[in-house]
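What follows is calculated from the coordinates using simple rules that are stated; it is not laboratory data. Please read all numbers here as calculations on a predicted model, not as lab measurements. So basically every Cβ, Gly included, is an ideal-geometry build from the backbone, and we count neighbours across all protein chains shown.
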Amino acid sequence: MGTRAMVDLAKFSQLVGAIYDADLDAARWAALTSQAAAVFDSPSCSLQLHSTRSIDPVLLGLTANFDAKASADYQVRFFAHDMYVRHAFANGLDGAYLSQQAIAPADLVHTEFHTDWGRRIGVSHVLGGGALFGEDRVALLAVHRPLEAKMFDEADRQCLALLLPHVGRALHIAGKLGGWQAGERAKAAALERLQVAALVVAADGAILWHNAAAERLFRQGDAIVAIGGRLSALRHAEKLRRMILESAFPEPQAAPPGGVLTLPRPGRPALSLLVGPLDRAYPGAGGTAPSAIVFLHDPQAQPRPDEAVLTALYGLTIGEARLAAALVSGERLQDFSERHALALATMKSHLRQVLAKTGTARQVDMVALLLRNTVLRMADPAG
């Protein structure tokens, strides 16, 4: 470290490792403050996030001395009087500083910030600094000691200066990783909510990921099966295997890989299957491992639209929405009328209102419209 042995190198190294580990779990950033405080022989630490364009704090991590009242008081009242944050913004956000550089110790004890807030929780002597990350973000890390303790010195400042770039780099990575993970979760959620059976499979057919609709087809067991964890079919298994392999290893300038396949089922309509190459960043796709995506359509798996969603989208009444949902799921108007012991004339009146509100002229057009509405299916709470 250079000057004097004031920081335990082993603890310092462990803290750096923990900072990068926090990329994978945002909750760990809060725990890092206690570890940082221990490295600098301090009982108190805080980690704030700010925009470089405006001073608006996000308290990402605090040690236990920041109880609920202290945290609330700081954000509501005393943050505006925090001379250390003001010093950081005025003198460069990328670097370390000592509290005596922001305000003379003799003057500190007379400030409202210290007498009404800082002294109570042991925030008197401060070692702090900023780390830039992203396009306009800054992290301010500060460790604190009570008034009766020794002030931080230049050796402490140099140690913190070595640590801060790691904080900035880790938060930058965490931001990118968080965005990537959010995108991947969105892809999986879209497939789940669309209620289409979907699977991600490796080149050898190993099932890497599948959604609930695919699980239902596996349970039926009359078309697709999992043998040794690999996707197969009761009919046309070899053709399916070749389609998956071609999709996982597409030939340059060749015909589009994969293709479509009909999977017969005894006594029921056949499944329609589509296989194609997969973006290798897809969730569960094994990183950069060659893989394919498989979609299956079951003509009997027609979901019933959620009545509350129909009401919200088209302004239907509860009765109209109940009727529309039944018609979309294949029920006849007369059967619906009899099942609910309602007059057929009343149901026809409801149907006319549904057609008007959905902008359609015929029942078949209304049903087709609702079947095509992917938002209707994705907004279904059961999806």
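Things worth noting here:
- Less than 5 angstrom separates the built amide H of Leu231 from those of Ala206, Ile207, all sequence-distant by 5 or more or on a different chain.
- Summary of the geometry: region 297-367 and region 108-130, compared by the centres of their Cα atoms, lie 66 Å apart.
- Residue order, fewest to most surrounding Cβ atoms within 10 angstrom, among Ile173, Ile103: Ile173, Ile103
- For region 9-180, the equivalent ellipsoid derived from the alpha-carbon gyration tensor has semi-axes of 24, 18, 15 Å in decreasing order.
- Partners for Lys357 among aspartates and glutamates (Cα-Cα distance below 19 Å; same-chain residues under 8 apart left out): Asp306, Glu307, Glu320, Asp365
- When the trypsin sites (Lys or Arg not before Pro) in region 40-112 are filtered for DSSP coil states and for at most 12 other beta-carbon atoms within 10 Å of their beta-carbon, the remaining sites are Arg53.
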